[in-house]
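To keep things clear, I will list the structure first and then write my remarks on it.
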Amino acid sequence: MKRFCIFLLVMVFCPSFVQAQDERIGSIKNVEGQVFVLRGGETLAAEAGTLLYRGDQLKTGESGRVGVIFRDDTRLSLGGNSDLAVEQFEFAPGEGRLALVLRLARGMAAFVSGQISKLAPESVRLETPVGTVGVRGTHFVMNIVG
Amino acid sequence: MGLFLRILVVCLSAMLAACSAPQTPPPSLFVLLPDDNGTVGSITVRNPQGSQTLDEAWQGTTVATAEAAPEVPTLLAADEVKARFHDALAAQAEPVRRFILYFEKGSKELTNESQALIPEVIATIHERRSVDTSVVGHTDTVGSNEANMRLSKERAAIIVTMLADAGIDPRVLETSSHGERNLLVPTDDEVSEPRNRRVEITVR
């Protein structure tokens with residue numbers, strides 16, 4: 001019983017412990033040229049089939065390109081010299097947790113919205129140094145010069 | 001002669017000024033495209049100086065810096081947009097492929113039609129080299145919530161076993177179960193509806 005109480009306390013006060021069990025948010029489908037995933041201070045060479053986790057950042061070299069599918073079916077791709085961070089990804093429709101916030105610091109991106117845009121369009125945001133894009137179920141491209 | 005020299009000096013200094021003037025970088029660009037099925041949504045580009053909404057295909061807005069408002073949208077030539085964004089568009093992943101497999105009433109048995117779809121599901125996962133495929137179990141509203149939660153879980157588990165037996169790495173399969181809380185066809189409670197007795201597979 002005592003052990004169970006401690007377990008309950010841990011579950012109540014450390015929701016991240018519950019969440020941490022699967023933080024997969026998508027996968028890389030297409031890669032050309034130099035593409036890197038920045039994760040927890042490490043830089044990994046990306047390839048088709050690389051899984052993406054919450055908090056990952058993607059960088060491409062001059063001739064790099066990458067295409068990603070997130071777990072909510074959102075499709076995102078980058079051209080060369082691009083830098084994109086996944087700031088927020090929550091896809092738990094049953095619990096009402098829905099959020100997708102990406103930050104393109106520079107470069108070129110194409111975006112096709114998925115389930116999160118369909119279920120909670122106000123929770124989808126693409127941030128850039130010159131402004132923020134709000135999305136209503138759609139396909140768009142952006143080129144951030146900087 | 002004096003006049004000619006003066007004109008020459010003015011011209012030369014103008015050319016020099018043009019060369020040494022700091023070049024303003026091209027502005028950032030945002031363009032709305034049609035979806036794969038031809039429909040068009042909308043995007044709003046916003047910063048503290050203002051906002052612009054794009055709701056027509058191939059409409060674009062430019063933003064010079066964070067200190068300048070987004071410009072009034074203009075219609076761009078589709079070919080120019082495709083050329084400028086070629087690299088990002090070429091790298092786009094294929095749309096996901098979704099399968100819906102139906103079950104017999106109150107059971108974990110697939111219908112014959114759905115059983116026949118299994119080879120195509122397997123082939124699609126292999127072809128796309130998917131490392132992220134969802135298998136989600138559902139029921140209709142006949143029976144209690146708890147019983148349906150259990151049944152939807154069993155339905156998803158049966159499909160995972162079939163796929164794993166066919167050589168698919170179970171680590172690429174993400175399983176979940178929604179019981180009767182996520183109906184494909186909305187019905188009242190205690191309604192037998194074949195289209196709600198299902199497992200949905202999304203191959204990414």
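In the condition set (1) part of a loop (DSSP other than H, G, I, E, B); (2) open to solvent by less than 30 Å² (accessible area, probe 1.4 Å), A:Glu47 is compliant with all but (2).
The C-beta contact set for the stretch B:35-46 (first residue in the same structural domain as B:Lys82 (by TED's automatic domain parsing), second residue not in a strand (DSSP E or B), distance under 6 angstrom, 6+ apart or interchain) comprises B:Val40/B:Pro34; B:Val40/B:Ala57; B:Gly41/A:Gly137; B:Gly41/A:Thr138; B:Ser42/B:Asp55; B:Val45/B:Pro70. In summary, A:Gly107 fulfils each of the numbered conditions (1) within 20 Å of B:Val81 (Cα to Cα); (2) of a type outside the set (D, E, K, R); (3) at the interface with chain B (Cβ under 7 Å from one of its Cβ atoms) with the single exception of condition (3).
Residue count for the stretch B:60-112 under the criterion of being within 10 Å of chain A (Cβ to nearest Cβ) and either assigned to a strand (DSSP E or B) or on the phi > 0 side of the Ramachandran plot (or both): the result is 5. Among the conditions (1) small (Gly, Ala, Ser); (2) assigned to a loop (DSSP other than H, G, I, E, B); (3) more than 7 Å from chain B (Cβ to nearest Cβ); (4) open to solvent by less than 40 Å² (accessible area, probe 1.4 Å), the only one that A:Gly80 does not satisfy is (3).
Scanning the stretch A:83-110 for residues that are touching a helix residue (DSSP H, G or I) at 6+ places or on another chain (Cβ under 9 Å) and on the phi < 0 side of the Ramachandran plot gives A:Gln88, A:Phe89, A:Glu90, A:Phe91, A:Pro93, A:Leu98, A:Ala99, A:Leu100, A:Val101, A:Met108, A:Ala109, A:Ala110. Could you go through the stretch B:159-168 and let me know if any residue there is surrounded by fewer than 18 Cβ atoms within 10 Å (Cβ to Cβ), part of a helix (DSSP H, G or I), under 23 Å from the mean Cα position of the chain (by Cα) and aliphatic (A, V, I, L, M). No, the stretch B:159-168 has no match at all. Being modelled with pLDDT of 95 or more, farther than 19 Å from A:Ala45 by Cα and under 14 Å from the mean Cα position of the chain (by Cα) holds for only one residue in A:Phe91, A:Phe111, A:Phe70, A:Phe140, and it is A:Phe111.
Which one is nearest to the other protein chains (Cβ to nearest Cβ) among residues in the stretch A:114-133 that are assigned to a strand (DSSP E or B) and buried (at least 17 other Cβ atoms within 10 Å of the Cβ)? That would be A:Gly131.
Under the condition of being farther than 15 Å from B:Leu29 by Cα and open to solvent by 10 Å² or more (accessible area, probe 1.4 Å), the residues counted in the stretch A:100-113 number 3.
The values are calculated or read from the model by the stated rules, or taken from the named source; none is laboratory data. All figures in this text were calculated on a predicted structure; none of them were measured in a lab. Heads up, the Cβs are rebuilt from the backbone with ideal geometry, glycines too, and the neighbour counts pull from every protein chain shown. Side chains included, ligands, DNA and RNA excluded: accessible areas come from the protein's heavy atoms. Shrake-Rupley method; radii C 1.70, N 1.55, O 1.52, S 1.80 Å.
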